[in-house]
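Please read the structure below before turning to the comments.
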Amino acid sequence: MNDISMQDRYGTLAGPTVLVIKRLLPGPIERAWSYLMDSDLRSRWLASGEITPEVGTSFELTWRNDSLTDGPGSPRPEGFGAEHSLACRVLAIDPPRRLAFTWGTSAEVVFDLKEQGNQVLFTITHSGVSERAMLLMVSAGWHAHLDTLLAASTGSPRPDFWTEWTRLKAEYDRRLPT
């Protein structure tokens, strides 16, 4: 059972270019950490790519969002290819509590994991998103990816990624300031 309310499931702005979004995942913390660090598990909810757990190491994340849906899924929105890769570099790591890395050349992502009873509070902080159009895409993306992670980690069917992303982008357009 995910105890975060429907209102709390949405990302919030901690600053003009900083999105914070959270989910409660089943524990223990080492299991949640494995969904972040193991490329095969991470590819079930986000992107594949081997991360060497050392500060300063570079890695590449590769998204294949069409494969994140159980079943046929809806077509991807215009402008999205079947695959996308991003160069990243590890900025901080404290297993199994924190992973921070660059997101391309201008942004950073921090994953914080905190035990809460038999669950894990999984928090993503994405900073450096200065354009509103990109902030809407990032917000909808993290939200849809976290919903996919929750489904994958609980053994539930994963939602149709692109249908959810499209719906969420419109919802974040209403929720985030212009």
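The values are calculated or read from the model by the stated rules, or taken from the named source; none is laboratory data. Remember, it's a predicted structure, so these values are computed and weren't measured experimentally. Please note: Cβ atoms are built from the backbone with ideal geometry, for glycine as well, and neighbour counts cover all protein chains shown. For the accessible areas, the whole protein counts, side chains as well, though only heavy atoms, and no ligand, DNA or RNA atoms are used. Shrake-Rupley method; radii C 1.70, N 1.55, O 1.52, S 1.80 Å.
For this structure, a couple of remarks:
- Total charge dipole magnitude, region 101-178, about the Cα centre, Cβ charges on Lys, Arg, Asp, Glu only, Debye to nearest 20: 160 debye
- Only helices reaching 15 angstrom along their own axis (Cα) with mean Kyte-Doolittle hydropathy no lower than -1.0 count here, and for the DSSP H runs of the chain these are 132-154.
- Extension gain, residue 12 to residue 116, is 35.4 nm, computed as 0.36 nm per intervening residue step minus the present C-alpha separation.
- Sequence-distant residues sharing a close amide H with residue 119 (under 5 Å, placed H): 27
- Surface composition of region 24-178: carbon plus sulfur atoms contribute 50% of the solvent-accessible area (1.4 Å probe, protein chains only, all chains present).
- Largest first, the residues 103, 165 sort by 1.4 Å accessible area into 103, 165.
- Residue separation of residue 74 and residue 55 scaled by 0.36 nm, minus their Cα-Cα distance, works out to 3.0 nm of gained length.
- Where the chain is the region considered: accessible area per residue in Å², 1.4 Å probe: 50 Å²
- Probe 1.4 Å - accessible area at residue 35, Å² to nearest ten: 30 Å²
- A simple charge model with +1 on the Cβ of Lys and Arg, -1 on the Cβ of Asp and Glu and nothing else charged puts the dipole of the chain at about 360 debye relative to its Cα centre.
- Simple spin-label estimate for residue 176 and residue 82 in nanometres, 7 Å along Cα-Cβ: 2.9 nm
- Among the GluC sites (Glu not before Pro) within region 78-156, those in coil by DSSP and having at most 15 neighbouring Cβ atoms inside 10 Å are 78, 83, 131.
- Our coupling estimate for region 105-115, obtained by passing each phi through the Karplus curve with A = 6.51, B = -1.76, C = 1.60 and θ = phi - 60°, is 9, 10, 9, 9, 10, 10, 9, 10, 10, 9, 5 Hz, Gly and Pro reported as x.
- In order through region 90-98: 3J(HN,Hα) via Karplus (6.51 cos²θ - 1.76 cosθ + 1.60), integer Hz, x for Gly, Pro: 5, 9, 7, 8, 9, x, x, 10, 8
- Cα shape, region 52-111, gyration tensor, a/c 1.5 rule: prolate
- Within-15-Å neighbourhood charge of residue 60 [Cβ basis; K, R +1; D, E -1]: +1
- Exposure check, 1.4 Å probe, all protein chains in place: residue 22 carries approximately 90 Å² of accessible surface.
- The chain: relative contact order as a whole-number percent, Cα under 8 Å and 6+ apart: 26 percent
- For Rg and Dmax of the Cα atoms in Å, calculated from these coordinates, the label among (1) 15.2, 42; (2) 18.2, 64; (3) 15.4, 49: (1)
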